[in-house]
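First the structure, in the form of structure tokens, and then the observations on it.
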């Protein structure tokens, strides 16, 4: 069985065009937000829409594909792992962010 200890699969729509960053070590980084939406009927019979926003980052080959072919509003599937980063802000406060490090992307919904 493949390693399933930290695997994330999401299908959603991009909230903005991907931002491409060329890193000092020659690597390419792409970051963007992905919206996933769950629709259901609550106990009162009302239709509820719950949208969650996910921070996605990708490197190198995957980043190049995303930056070239994916735009705001596109429906895509991503697969990767969850990673939490820590840093200090300007005032010295510790900050944390959790994001999906994407290693595979699938374009859905036909041509843009």
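The values are calculated or read from the model by the stated rules, or taken from the named source; none is laboratory data. Remember, predicted model here, so these are calculated numbers, not experimental data. Glycine also receives a Cβ, built like all others from the backbone with ideal geometry; neighbour counts cover every protein chain displayed.
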(request) State all residues of the stretch 20-49 that are over 21 Å from residue 82 (Cα atoms) and in a strand (DSSP E or B); if no residue qualifies, say none. (result) 22, 39, 40, 41, 47, 48, 49
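Conditions (1) modelled with pLDDT under 95; (2) in contact with a helix residue (DSSP H, G or I) (Cβ under 7 Å, 6 or more places away or on another chain); (3) surrounded by 14 or more Cβ atoms within 10 Å (Cβ to Cβ), marked per residue:
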residue	(1), (2), (3)
57	no, no, yes
60	yes, no, yes
68	yes, no, no
73	yes, no, no
78	no, no, yes
82	no, no, no
91	yes, no, no
100	no, no, yes
108	yes, no, no
(request) Go through (1) part of a loop (DSSP other than H, G, I, E, B); (2) farther than 21 Å from residue 109 by Cα; (3) modelled with pLDDT of 95 or more and name the single condition residue 17 misses. (result) (2)
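So is residue 84 in a strand (DSSP E or B) and more than 14 Å from the chain's Cα centre (by Cα) or not? Outline the logic, then answer.
Details: in a strand (DSSP E or B): yes; more than 14 Å from the chain's Cα centre (by Cα): no.
In short, no.
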(message) The conditions are (1) under 14 Å from residue 104 (Cβ atoms); (2) touching a residue at least 12 places away in the same chain (Cβ under 8 Å), and residue 37 fails exactly one of them. Which is it?
(response) (1)
